[in-house]
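First comes the structure, then the notes that go with it.
The values are calculated or read from the model by the stated rules, or taken from the named source; none is laboratory data. In this text, all values refer to a predicted model and were calculated from it rather than measured experimentally. Every residue, glycine as well, gets a Cβ built from its backbone with ideal geometry; the counts of neighbours run over all protein chains shown. Only protein heavy atoms, including side chains, enter the accessible area calculation; ligands, DNA and RNA are left aside. Shrake-Rupley method; radii C 1.70, N 1.55, O 1.52, S 1.80 Å.
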Amino acid sequence: MNIVVLIKQTFDTEAKIAIKEGKIVADGVTQIINPYDEFALEEALRIKEKSGGDVLVVSAGGEKVKEALRSALAMGADRALLVETEGAAVDEGIVASALAKAISGLSYNLVLSGWKAIDDNSAQVGGRVAETLGLPQVNVVTQLTIEDGKALAVREVEGGTETVEVPLPALITAQRGLNEPRYPNMRGIMQAKKKELKVVTLSELGVSGAPQVAVKNVVLPPAKQAGKLFRDDVATSVAQLVQALRNEAKVI
Amino acid sequence: MNLLLTEEQLALRDLAHDFAAHEIRPYAPDWDEKESFPRSELAQKAVEVGLWNIAVPEAHGGTDIDAVSTCLINEELAWGCAGIATSIGGNSLGSYPLLIAGTDEQKERFLRPQVEAGAMAAFALTEPNAGSDVASLATTAHREGDEYVLQGRKCFITNGDLADVYVVFAATDRSQGAKGLSTFVVERGTAGLSTGKKEKKMGIRASNTTEVILEEVRVPAANRLGAEGDGFKLAMKTLDISRPSVAAMAVGVARAAYETALHYAKERVQFGKPIASFQAIQTILADMAMAIETARLLTLKAAMLKDQGLPYTLESAMCKAYATDVAMKVTTDAVQVLGGYGYSREYPVEKWMRDAKILQIYEGTNQIQRLVIANQILR
Ligand SMILES: Cc1cc2nc3c(=O)[nH]c(=O)nc-3n(C[C@H](O)[C@H](O)[C@H](O)COP(=O)(O)OP(=O)(O)OC[C@H]3O[C@@H](n4cnc5c(N)ncnc54)[C@H](O)[C@@H]3O)c2cc1C
C-alpha cells in the first residue's frame with residue numbers, strides 16, 4: 001500500500017497571533033503540522049504498520065516547511081517531497097494543482113489529508129487535488145478501513161454519520177476523532193535526517209498562473225467585551241437581565 | 001539560543017516538551033501528594049517515545065544522542081516535574097557505570113530491558129555514614145570462588161523499591177580506601193537484597209527514595225563492573241557525566257517557576273495596576289530571566305565540551321552548583337511574586353521551591369562541587 005499524505009505547516013494552535021499591515025506576523029511564532037493533517041498522517045502510519053507499504057508526505061511552501069516534513073519523517077513517514085513556493089503568490093487553487101502535479105506521476109493507492117487547515121479554514125486543497133487527479137473523495141472522515149482495494153470511510157453528517165465505500169485509489173480527508181496522533185519517538189527523530197526529502201519548484205512542475213483569490217486584509221476578531229453583572233436583589237436583577245437579553249443582546 | 005542547536009536537538013527538545021506538557025505536568029501535583037512514582041501510568045508511554053532511559057545507545061536498543069540533547073531533554077522533563085525527571089534520570093544514573101565500564105554482554109543484559117520493557121535501575125553509592133565522603137563507605141564485597149558476597153546498607157537510593165538492577169559500590173579492600181572500592185550489578189530478587197525505610201521527603205515526592213540492604217548477597221563475579229579497585233573512579237566518572245543533567249533539571253524547574261511568576265505578575269492587580277508594573281517586581285523577573293539564561297548556557301557548555309571529547313569536570317561541577325543555586329533562588333522568588341497564593345498548594349510554585357532544594361544536595365552537594373571547582377582551578 002503506497003500512501004501519499006498532504007500536509008500543511010500552520011501556526012501553533014497556542015500561538016499568539018499578531019497582525020501588521022494586513023499580514024500575520026510570522027516571526028517567532030512556532031509552526032506545527034496542521035492538526036487535521038496530523039490525523040491523516042497518523043492514519044497512514046497505522047495502515048502501513050498493519051499492511052506494509054510506503055508513506056510519502058508532500059507539502060507546498062517555503063524553506064521553513066522542511067521542518068514540518070522532518071517532523072512527519074520523525075513520526076514514521078518514509079519519504080518527503082516539498083513543492084517549493086517561496087516568494088510565489090499562491091492561493092488554494094495553485095497549491096492544489098501543484099500538489100496534484102507533484103503526485104500525479106507516482107504510484108499510490110491512497111491519498112490522505114486533513115479536511116481543512118486551522119489557519120485559513122478554507123477546506124479546499126484536499127477536494128481540489130482529488131478533482132484534478134480524478135480520484136473519488138470522502139471528506140471529514142472519522143473512521144477508515146482499507147480492505148480488498150476499497151476504502152470504507154465513516155464521515156460526519158448533520159445529526160449522525162454515514163459510511164461511504166469508494167474504490168482505491170481514493171482521497172480521504174481526516175476529521176478530529178479519526179485517531180490520536182503519536183509522538184515522534186527519539187529514534188524516529190534521529191533517523192529523520194537520513195530519510196529522503198526532495199524539493200521540486202513550481203516551474204519544474206510546470207505550474208504557473210496568477211492566483212484567483214487575493215487577500216485584501218486580515219483582521220483579528222474583536223476583543224471580548226467585559227461581562228455585565230447585575231448586583232441588585234434577585235427580583236430586580238432578573239428583570240434587568242431579561243431586559244438586557246431582549247434589548248441589548250437581542251437573543252430573546 | 002536556538003541558533004546554536006541543530007534541528008535534531010530542537011526536535012528532541014520539542015518531543016520532551018510535548019511529553020512533559022501532556023503526560024507529566026497535568027498529573028504532577030497529584031503524584032506529589034501521593035508520594036509515589038506512577039510507574040504503571042508512565043513506563044509504557046515513556047518507553048514508546050524513548051524517554052524512559054535516554055542514556056542507552058542504539059546498540060542496546062536505545063538512541064544515540066549527544067550530551068547537549070540529554071540536557072535539553074532533562075530541562076523539559078523537570079519543567080514537567082523534577083520528581084519524575086529524577087526517577088527517570090535514576091535509570092540513566094544507574095546505567096552510566098555500565099556504559100563506562102561494562103562489557104558488551106553486561107550492557108546488553110542490563111540496558112536493553114530498560115528501553116524495551118520499562119525495567120528500572122538504581123545507583124547505590126550513599127550510606128548512612130558515607131555521603132559526601134564516598135571513600136569511607138562501609139559496604140563490603142568478599143570474593144568467594146566465582147562469586148562476591150556483599151554486605152552493607154545503602155541509604156537515599158533513588159528507585160530503591162522499583163529498580164530491576166542496582167549498581168552497588170562496595171569495598172573489596174578496606175585498607176586501600178578510595179582505591180579499594182569496586183562496583184557490582186545486583187539484580188532484583190537476588191537473595192539477601194531488600195529495601196528498608198522509604199524516605200518521606202520535602203520535595204521530588206513523586207520519586208522513590210529508600211534504603212537498600214545487602215545481607216550476604218551473592219553475585220556472580222561476572223556482575224563486577226571493571227576491575228577490582230576501580231569503583232571510586234567509576235563513581236566519579238559517572239557523576240561527571242550526570243551533573244550537567246542535574247543542572248539542566250534545575251534550569252527546567254527554574255523556568256517553570258519563572259514562567260508562572262511572569263504570567264501571574266501581569267494578571268495580578270494591586271493598587272489599581274498589574275504588579276508587573278512595579279519596579280520591585282520587574283527587578284525580580286529580570287534577575288530570574290538573566291539567571292536562567294546564564295545557567296542554561298553554562299550547562300550546555302559543559303555538555304558541548306563532553307560532546308567534543310574535551311575535559312569537562314570543571315564545567316560539570318560549575319553548572320551543577322550554579323544552576324541548582326539559581327533554581328533555589330528563582331523558585332523562592334517566584335513564591336514571593338505570587339505572595340500568599342505562592343505559599344498555597346493551590347499554585348505549583350511552592351512545589352517547585354521544595355523540588356529545587358534537593359538539586360543542591362544530591363549527586364554531590366554544592367559545597368562538594370565548589371571543592372571540585374577549587375581543586376581544578378588551583379592545580
Ligand atoms: C532525594 C534523594 C535522592 C538521592 N538519591 C541517591 C541515589 O540515587 N544514589 C546515591 O548513592 N545517593 C543518593 N542520594 C544521596 C545524596 O547524594 C547525598 O545525600 C549527598 O551526597 C550528601 O551526603 P549526606 O546526605 O550524607 O550529607 P553529608 O555528606 O553529611 O553533608 C552534610 C553537609 O556537610 C557538607 N560537607 C560535607 N563534607 C564537606 C566538605 N568536605 N567541605 C565542605 N562541606 C562539606 C555538605 O555539603 C552538607 O552541606 C540521594 C539523596 C536524596 C536526599
(request) Can you check what the Kirkwood hydrodynamic radius comes to for chain B, Cα pairs only, in Å to one decimal? (result) 21.1
(message) Can you tell me the mean projection area, over all orientations, of the convex hull of the stretch B:7-119's alpha carbons? Units nm², please.
(response) 6.5
(request) Step through the residues of the stretch B:234-250 one at a time and calculate ³J(HN,Hα) from phi using the Karplus curve (6.51 cos²θ - 1.76 cosθ + 1.60, θ = phi - 60°), rounding each to whole Hz and writing x for Gly and Pro. (result) 5, 5, 5, 5, 4, 5, 4, 5, 7, 4, x, 5, 5, 4, 5, 4, 4
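Over both sides of the B-A contact, add up the buried accessible area with a 1.4 Å probe and give it to the nearest 100 Å².
By this definition, chains B and A bury close to 1300 Å².
Give me the percent of the accessible area of the stretch B:122-231 that comes from carbon and sulfur atoms, probe 1.4 Å, all protein chains in place.
46
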(message) Do any residues of the stretch A:177-192 show a loss of at least 30 square angstrom of accessible area between the isolated chain and the full protein assembly, using a 1.4 Å probe, and if so which?
(response) A:Tyr183, A:Asn185, A:Met186, A:Arg187, A:Ile189, A:Met190
(message) Given the DSSP H assignment, sum -39500 (n - 2.57) over each helix run of at least 4 residues in chain B and divide by its residue total; what's the result at 222 nm in deg cm²/dmol, nearest 500?
(response) -18000 deg cm²/dmol
(message) With every protein chain kept in place and ligands, DNA and RNA left out, what is the accessible area per residue of chain A? Probe 1.4 Å, answer in Å².
(response) 55
(request) Using a 1.4 angstrom probe on heavy atoms only, work out the carbon and sulfur share of the accessible area of the stretch B:232-378 in %. (result) 61
(request) Please build a GNM for chain B, connecting alpha carbons under 10 Å apart, and tell me which residue among B:Thr140, B:Thr172, B:Thr283 fluctuates the most. (result) B:Thr283
(request) Among the trypsin sites (Lys or Arg not before Pro) in the stretch A:1-58, which ones are in a DSSP loop with at most 10 other Cβ atoms within 10 Å of the Cβ? Mind listing them? (result) A:Lys16
(request) Report, in debye and to the nearest 20, how large the dipole of chain B comes out about its Cα centre when Lys and Arg carry +1 and Asp and Glu carry -1 on their Cβ. (result) 1100
(message) Once neighbouring chains are kept in place and the probe is 1.4 Å, which whole percent of the accessible area of chain A is contributed by carbon and sulfur?
(response) 50
(message) Residue by residue through the stretch B:320-329, what is 3J(HN,Hα) from phi via Karplus (6.51 cos²θ - 1.76 cosθ + 1.60, θ = phi - 60°)? Round to whole Hz and write x for glycine and proline.
(response) 4, 5, 5, 5, 6, 5, 4, 4, 5, 5
(message) Need one number: % antiparallel among DSSP beta bridges in the protein assembly as shown, to the nearest 5.
(response) 60
(message) On the Cα set of the stretch B:232-378, report Rg and Dmax in Å, please.
(response) 17.0, 60
(request) Output the antiparallel fraction of DSSP beta bridges having both residues in the stretch B:68-203, as a percent to the nearest 5. (result) 70
(message) How large is the Kirkwood hydrodynamic radius of the stretch A:2-205, counting all unique pairs of alpha carbons, in Å?
(response) 17.1
(request) Report the calculated FRET efficiency for A:Lys23 and B:Ser36 (r = Cβ-Cβ distance, R0 = 60 Å), to the nearest 0.05. (result) 0.70
(request) Relative to the compact-globule scaling 2.2 N^0.38 Å, provide the ratio for the alpha-carbon radius of gyration of the stretch B:237-279. (result) 1.83
(message) Show me, for the stretch A:145-158, the HN-Hα J-couplings you get by feeding each phi into the Karplus relation (A = 6.51, B = -1.76, C = 1.60, θ = phi - 60°), rounded to Hz, glycine and proline as x.
(response) 10, 10, 7, 6, x, 10, 10, 10, 10, 9, 10, 6, 10, 4
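Using helices alone, I'd like the mean residue ellipticity at 222 nm for chain A: each DSSP H run of four-plus residues gives -39500 (n - 2.57), total over residue count, nearest 500.
On the way: 7 runs with 71 residues, N = 252.
Computed ellipticity for chain A at 222 nm equals -8500 deg cm²/dmol.
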(message) Take chain B, mark every one of the chymotrypsin sites (Phe, Trp or Tyr not before Pro) that falls in a DSSP loop and has at most 16 other Cβ within 10 Å, then report the longest stretch left between them, sites excluded.
(response) B:1-270
(message) At 1.4 Å probe radius, can you tell me the per residue accessible area of chain B in Å²?
(response) 42
(request) Would you please state the base-10 log of I(q)/I(0) at q = 0.27 1/Å for the stretch A:104-156, with intensities from the Debye formula using one equal scatterer on every alpha carbon? (result) -1.23
(request) Evaluate E = 1/(1 + (r/R0)^6) for B:Ala289 and B:Ala138, where r is the Cβ-Cβ distance and R0 equals 51 Å; express this FRET efficiency to the nearest 0.05. (result) 0.65
(request) Determine the dipole magnitude for the protein assembly as shown: charges of +1 sit on the beta-carbon of Lys and Arg, -1 on that of Asp and Glu, nothing else is charged, the reference point is the Cα centre, and the result goes in debye to the nearest 20. (result) 1300
(message) At q = 0.11 Å⁻¹, what log₁₀ I(q)/I(0) does the protein assembly as shown have when each alpha carbon counts as one equal point scatterer in the Debye sum?
(response) -1.12
(message) Once you keep just the Cα pairs under 8 angstrom separated by 6 or more residues, what percentage relative contact order results for chain A?
(response) 23
